[in-house]
Amino acid sequence: MSRLVFFTQTYSSMPCRALPRMAAGLNSVSERGLLLLLVMMFLASTVLPIGAASSPEMTTRNVKGGHDLHQEPHGSGHHNYTKKAFPVLSLDYSHVRIPFEISLWVLLASLMKLGFHLIPRLSSIVPESCLLIVVGLLVGGLIKVVGEDPPVLDSQLFFLCLLPPIILDAGYFLPIRPFTENVGTILMFAVVGTLWNAFFVGGLLYAVCQIEGTNLANVDLLACLLFGSIISAVDPVAVLAVFEEIHINELLHILVFGESLLNDAVTVVLYHLFEEYAGVGSVSVADVCLGVISFLVVALGGILVGTIYGVLAAFTSRFTSHTRVIEPLFVFVYSYMAYLSAEVFHLSGIMALIACGAVMRPYVEANISHKSHTTIKYFLKMWSSVSETLIFIFLGVSTVAGPHSWDWTFVTVTVILCLVARVLGVVGLTYIINKFRIVKLTTKDQFIVAYGGLRGAIAFSLGYLLDRVQFPKRDLFLTAIITVIFFTVFVQGMTIRPLVDLLAVKKKQETKRSINEEIHTQFLDHLLTGIEDICGHYGHHHWKDKLNRFNKKYVKKCLIAGERSKEPQLIAFYHKMEMKQAIELVESGGGVKLPSAVPSTVSMQNIQPKKSPPPAYERALPQISQGREEEIRNILRTNLQKTRQRLRSYNRHTLVA
Amino acid sequence: MGSNYSTLSKIPNVDDLMQETGFTPAHIVRLYDRFNALDKDKKGHLSPQDFESIKELAMNPIGDRIIGAFFTPGQEVVDFHSFVRILAHFRPVDKNRPRDPNTPEPVNSRTSKLRFAFQLYDQDKDGKISRAELLQVLRSMMEMQVTEEQLESIADRTIQEADLDGDSTISFDEFRKSLEKVNIDHKMSSRFLR
C-alpha cells in the first residue's frame, strides 16, 4: 500500500468563480459532450499509471530510496568502463512517483468537481458528496479490474493532511455571534448526545450479539462500546458538504455544524479509553473518573493550545506591514502548528484549530492588507474544497479495496440502532434544553437536527486505525462503518433537500444587514446590559459587555497595529457599506447625479449625495462624464487599501462576502 | 416559601401587579429584595441617585437614558410598582398567548418592547426620531472616537435607509419595519425575568 504525502503546491483547480462563465461558454450539447469525453479519457489514462504505480509489486520506495537509485548508476558508471550509447531519451518514473501520484489524484478530484457542475440537473438532485463517492467506487473498480490493489484511505494522510484544511476553513469563518448565542445547546448535543449515542449503540449491539443464532458471540462488550463510540460521532466534513447546499437557516446550521465540531473531544476520549482497556477486558470506576478528567483536559487543553497560537498569529501580523506577501503564510502555519501541537499531547486537534482560527481572525483582519485577506480566503476555500473532494473519492476507493466481512445481522442492527439512538437523543435533549432557552426549538427543528446527523470519513479512519490483532472483528466493524456512512450520506443526504422544502423549514436569509439594524442592535445590547445591571443579575449580556470592554482596553491595543486599534465596529461596518455602494455605482455605468464640487478629500462621504432618493426607485438618470468616473475609480482604488471586509455568511461554493 | 409569603404581604396591591405584568410571586419577591437593596436610605422609593450608584450603569453609554425611562415626566421618584412595570417589558414573550383583540396588549409583547426602545431614542416624546436625536445616540455610543463629519454621514445614511414617508425623521412604524428581521423576542428579553 503506497503512502501518499500531500503536496501543497499543486494549484490544479480553477476557482469556483470561473465555472459559471465557462459553463455559459459551452452552450451547445456537442461541446459539452466533447468535454465530458475528454474528461473520461483523461480519467482512464490516469487510472492506469496510478494502478500500476500503486501495486505492491513495484518497489515501494520513499524519496530517499529514489535518490539512492539515482546515485547508483552514476557510481557504477565510474567503475564500469564498457561504453554504452548515450541515452537521448530515458524513462525514470520511480523518482517522481510520489509527487506524480499525488498530483494526479488532486487533478482527478478537481476535474470531477468541474464535471459535476456541467450537468446542472444532476447536481441539483444529488449532493456532491454522493457523486464523489460513486466516482471513487468507479475508480476503485477500474483499478481492481486492471488487476492492481487500490489504495486505501490512509489514516495518517487523512488526519494530518486532508482534515486540517477543512476544519481551519470552518473555524476561521465560523459565525461567532450565532455560535456563542447557542453554545449551551451545542455543547449539550455534542457531549451528552454523543455519549448517549455511543453507549446506546454499543450496549444494545452487544446484547444483540449475545443472542443465539448469530455467530457473533465472541464480540465482547468493550469492543462493542468502542465500535459504538466510533460510529456515534457526527462528522463535520459530511455535514458541511450536505448542509452547504441546502441553505438552511442560521440557527439549525450552527447547531448541527457546531455539534459536529465539538464532539471531537468526546470521540477522542472514548476512543482512547476503550482502546486502552479493550485488551484488559474490564473498566473500573477509577478508570471512568479518569476518563471524565481526561475529557476536560482534552477539550480545554485543545482550546487553550489553539488560543495561544491564535494570539501569537495575531501578534505576528501586527508587524507584517513591510512584508505583505507572506502574511497569509503566518495564518496557515500557525494554525497547522496549533493542530499538530494538540495532536502531540493527544488533545483535541479539531478544537485547537477552531479556537485558533476564531481567536486570530478579528485581529489579523484588522492588520493585514486587503490582498492578503483575499488570498487567505481563496486559499482556505480551495484547499478545503479539494480536501473534501479527495476524502469522498478515497472513501469510495477504500470501499472497493478494503477487506470486507459482511454479516447481515450486525450491519442492519447497527444502521437501525444509529438512527434510533440519534432520534431519541435529539428529542430527549431538546426537551431538557428547551427549559433553558428563550427561543425554543420546534419539532421541525428537532427533526432536521436529528436527520442531519451524518457520519463520514472520521469514523472510517478511526476504525481503520484499530489494531487487527487486538480486535479480530476489525473487518466486520469496518464494513458496518462503511455501510452506515453510505446510508447516511446517500439516503439522508439526498432526501434532506426535498424534506426541507416539504416541511417549509426556514431558509437562510439572503439580504444583507442594514445600518439601521447594526445601530439598533448595538443600542439594544447596551439597553439589556443596563437592565441586567439594574436587576442585579449577571447574565449573558453582562459578561459579553465585560468581554468587549476588556477586548477594547487591553487586547486590541496589543494585537492591532496603529490607528486601527481604536476604530469602533460601527465605523468599519459603515465604510464597508459605502464601499459596496460606490462599487455598484461605478459598475452600473454611473447614474446618480454627483455634487458639482470635485471631491478633494479621500473620505467616501463626499461621493454620496446628501438627499438622494431611496435606491429602490428606478428613474432615467444622466450619465456621468469620463473625468468624473476616473475620479471615482481613483478614490475607490485608494480606499480599497484601507477598508476591511467582514465576512457575514460563510458559503463554500460562492466566495461572496 | 414561608418567607416569600410574608414578603409578599408587605407589598400593597401585589395581586394586581402580578396580573398586569405576568410575573410569578417568586420574581416579585426577588425584585422587591433588589428594590430594597438599591433603596439605601429606606425611603420606600428610588431616586436617580440610587440608580446612579450602580457602577456598571455609570459605564453604560446610554445609562442615563435608561435611568430616565424609569421616571415618568414630572416625577422625581420611582415606587415599586413602576419599577416592576418597567422591568416587565423585558420578560420573555409568551408564545402561547391567545390572540384576543379585546384584551390590551401585554407589557412584554414585541410591539411594547419596541415601543419602549423607541421612547429611549425619542427624548422629546414627539413620536419621531429626528436627526439631532439620532446624532445624540450615535455620539454617546461611539464614545468620542470618531469625527463629527463621520457621525453626521452615518446619521444621514440611517435616516435615508429607514425613512419611507420622506419627512427626514423616523416614526415608530418605520423603526419597527427596519427591525423586522431582528429577533426582538430574543434580543430584548432577559432570562432572569422569565
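A short reminder: the numbers here are calculations on the coordinates, not readings from a lab. All values derive from a computational prediction rather than experimental measurement. So basically every Cβ, Gly included, is an ideal-geometry build from the backbone, and we count neighbours across all protein chains shown.
Scanning residues 5 or more positions from A:ILE248 or on other chains, those with amide H under 5 Å from its amide H are A:LYS508, with H placed 1.01 Å from N in the peptide plane. Shape analysis of region A:123-241 places it in the oblate category; the axes a ≥ b ≥ c from the Cα gyration tensor give an a/c of at least 1.5, with a/b not above b/c. Would you mind counting up the charge near A:PRO403? Only other residues with Cβ under 14 Å from its Cβ, with Lys and Arg at +1 and Asp and Glu at -1. Net charge in that neighbourhood comes out at +1.
Here the residues A:GLU584, B:GLU56, A:GLU532, ranked from fewest to most Cβ neighbours within 10 Å of their Cβ, fall in the order A:GLU584, B:GLU56, A:GLU532.
Among A:TYR378, A:TYR206, A:TYR93, a tally of other beta-carbon atoms within 10 Å of each Cβ gives an order, fewest to most, of A:TYR93, A:TYR378, A:TYR206.
Taking the Cα centre of region A:171-293 as reference, the dipole from Cβ charges on Lys and Arg (+1) and Asp and Glu (-1) amounts to some 160 debye.
Remark on region B:9-162: Rg and Dmax equal 18.3, 57 Å (Cα only).
When you filter the GluC sites (Glu not before Pro) in region A:424-526 for DSSP loop state and at most 16 other Cβ atoms inside 10 Å of their Cβ, you are left with A:GLU510. When the GluC sites (Glu not before Pro) in region A:205-271 are filtered for DSSP coil states and for at most 16 other beta-carbon atoms within 10 Å of their beta-carbon, the remaining sites are A:GLU212.
Peptide B:61-72 has a mean of 3 when you count, residue by residue, the C-beta atoms of other protein chains within 10 Å of its C-beta. In order along region B:147-162, the phi-based Karplus estimate (6.51 cos²θ - 1.76 cosθ + 1.60, θ = phi - 60°) of 3J(HN,Hα) comes to 7, 4, 4, 5, 4, 5, 5, 5, 4, 4, 4, 4, 5, 4, 5, 8 Hz; Gly and Pro are listed as x. The phi-based Karplus calculation (6.51 cos²θ - 1.76 cosθ + 1.60; θ = phi - 60°) puts the 3J(HN,Hα) values of region A:244-255 at 4, 8, 9, 6, 7, 5, 4, 4, 5, 4, 5, 5 Hz, whole numbers, x for Gly and Pro.
Descending by average beta-carbon neighbour count within 10 Å, the peptides A:350-359, A:114-123 line up as A:350-359, A:114-123, the highest first.
Legend: ranking of residues A:THR483, A:THR267 from fewest to most surrounding C-beta atoms inside 10 Å; resulting order A:THR483, A:THR267.
Mean partner shielding of peptide A:533-544, defined as the number of other chain Cβ atoms within 10 Å of each residue Cβ, is 5. Using only the C-alpha atoms, the convex hull of region A:286-400 corresponds to 112 Å³ per residue.
Grab region B:107-194 and count how many Lys pairs have their alpha-carbon atoms under 20 Å apart, sequence gap of 8 or more, or different chains. Lysine pairs, 8 or more places apart or on different chains, close enough: 8. Summing charges over neighbours of A:GLY310, with a neighbour being any other residue whose Cβ is under 13 Å away from its Cβ, gives 0 when K and R count +1 and D and E count -1.
So, by mean Cβ neighbours within 10 angstrom, what's the order for A:420-428, A:497-505, B:154-162, A:142-150 with the highest one leading?
B:154-162, A:420-428, A:142-150, A:497-505
3J(HN,Hα) along region A:483-493, derived from phi through the Karplus expression 6.51 cos²θ - 1.76 cosθ + 1.60 where θ = phi - 60°, amounts to 5, 4, 4, 4, 4, 5, 5, 6, 5, 5, x Hz, with x in place of Gly and Pro.
Per residue of peptide B:128-134, the mean number of Cβ atoms on other chains within 10 Å of the residue Cβ is 0. Taking the centroid of alpha carbons for each part, region A:213-289 and region B:153-194 are 45 Å apart. Our note on the geometry: Cα centres of region A:429-490 and region B:11-71, 49 Å apart.
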